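A.B. asks: Below: one structure in structure tokens.
The values are calculated or read from the model by the stated rules, or taken from the named source; none is laboratory data. In this text the structure is predicted, and so the values were computed from the model without any measurement. Cβ coordinates were reconstructed from backbone atoms using ideal geometry, including for glycine residues, and neighbour counts include every protein chain displayed. Remember, those area values only see protein heavy atoms, side chains included, never the ligands or the DNA or RNA. Shrake-Rupley method; radii C 1.70, N 1.55, O 1.52, S 1.80 Å.
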Amino acid sequence: MAPAEEINTKFAVPMEQTVTFPSGKVKYMFQASFGSLLQTRDKAHTVLVTNEHIAKLYPHFFKEYKTLIVPPVESGKDLNTIGRLTRELLDMEATRQTTLIGVGGGMVTDITGFLASVYMRGVSFGFVPTTLLGMVDAAIGGKNGVNAGMNKNIIGTITQPEFILFDTHFLDTLPDDEWSNGFAEIIKYACIFDAPLFDELGKHSISYYKDEDDAALADLIERCVAWKNKTVIEDERESGIRKLLNFGHTAAHAIEQLYELPHGKAVGIGMVIAAIISRQVTGLDKTFVADLKRLLSQYHLPVRLNIDGKKAMQLLKMDKKRVNDTIDYILLEKKGQAVVRALPFDMIENALTNYESDH
């Protein structure tokens, strides 16, 4: 993995750049206009995929296009929805020449990518993320999928989109809670790769990036995209270094399902749990755990939750990173440096149950 200094030199990028992954090329369009993109599309061979909230906020984008509507809640991210959307595509007479464009947050892009990957054994697709979390993480990297019951993203593909367009005007209507959710992923990158970013975030707040400095927000988005792209280029199938991107997510996926928490808030708690385990396993400095809690609170993310460790562990036993009776858990050695360690079930369950007692 390149040092933070190398990544930090890449933010004076052109508005468009093409990144080559093992499975294909993706065009990134930063600080771009979704409306301008639509003017270049063939309406007969384009289907937009969104949710009711986005469709109602921006009706002018959808009125002239065939549109699929996905459910607004995580419980609708399943194969039943994929079946319904497939039937609707057939009713639209969508062919292999059709391109699906997912316009929305992570749930919309996950469903769009998976649907496009399996419809007629694969059609072209692109993403227009409308949330901060989508822009810095969920839409990037080629992972697409749906849930099976309470098992999150257990059915899916790794297929890269044709393009990803970043229109930050969508963030003008983003609720405050969704800004916090997005910053959970940004803080994750800082923890695992980018110590200078951790320090930079500590000097600012959501309002700074949201209301005071558009250029700083644009740089922040591109910085996170650069980190994720570099990781995925090296390990697209997640057999090695890409696992580091799951920092905070192992516990988060379980508590997100059990307690119906938004993804970013669950990741915030998951990062605290991982940092506390890191103290025991890697010798992470105790002061960093306090710094992390302070930074998460600064960006309006929770750091505590009363967790039923046994119930959470039942879900984690089907985690995709399980190896026999251990789970590959992402821990920190120090700020900006993460490692993968195989942890036994009992250690993880104990951490989930007792992490609040750590001081």
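A.B. asks: Which is out of contact with any strand residue (DSSP E or B) (no Cβ under 8 Å at 6 or more places or on another chain), more than 21 Å from Lys27 (Cβ to Cβ) and either in a helix (DSSP H, G or I) or in contact (Cβ under 8 Å) with a residue 60 or more places away in the chain (or both), of Lys210, Lys228, Lys243?
C.D. replies: Only one candidate qualifies: Lys210.
A.B. asks: Okay, moving on. Which of the residues that make up segment 127-157 are open to solvent by 10 Å² or more (accessible area, probe 1.4 Å), hydroxyl-bearing (Ser, Thr, Tyr) and more than 12 Å from the chain's Cα centre (by Cα)?
C.D. replies: Thr157
A.B. asks: Please find, within segment 227-236, the residue that is surrounded by the most Cβ atoms within 10 Å (Cβ to Cβ) out of those that are within 15 Å of Cys191 (Cα to Cα) and not hydroxyl-bearing (Ser, Thr, Tyr).
C.D. replies: Top of the filtered list is Trp227.
A.B. asks: Does Leu57 fit the bill of being touching a residue at least 60 places away in the same chain (Cβ under 8 Å) and touching an Asp or Glu at 6+ places or on another chain (Cβ under 6 Å)?
C.D. replies: no
A.B. asks: On to the next question. Inspect all residues belonging to segment 251-269 and state whether any of them is modelled with pLDDT of 95 or more, of a type outside the set (A, V, I, L, M, F, W, C), open to solvent by less than 20 Å² (accessible area, probe 1.4 Å) and within 18 Å of the chain's Cα centre (by Cα).
C.D. replies: yes
A.B. asks: Still on this model: Can you find a residue that is free of Cβ contacts under 8 Å to residues at least 40 places away in the same chain and assigned to a helix (DSSP H, G or I) anywhere in segment 192-205? Steps first, answer last, please.
C.D. replies: Within segment 192-205, the first condition is being free of Cβ contacts under 8 Å to residues at least 40 places away in the same chain, and the residues that meet it are 199-200, 203-204.
With assigned to a helix (DSSP H, G or I) added as a condition, the list becomes 199-200.
Yes, that holds for at least one residue.
A.B. asks: Would you confirm whether any residue within segment 316-326 is of a type outside the set (Ser, Thr, Tyr), buried (at least 19 other Cβ atoms within 10 Å of the Cβ) and either free of Cβ contacts under 8 Å to residues at least 60 places away in the same chain or in a loop (DSSP other than H, G, I, E, B) (or both)?
C.D. replies: So far as segment 316-326 goes, yes, one or more of its residues are of a type outside the set (Ser, Thr, Tyr), buried (at least 19 other Cβ atoms within 10 Å of the Cβ) and either free of Cβ contacts under 8 Å to residues at least 60 places away in the same chain or in a loop (DSSP other than H, G, I, E, B) (or both).
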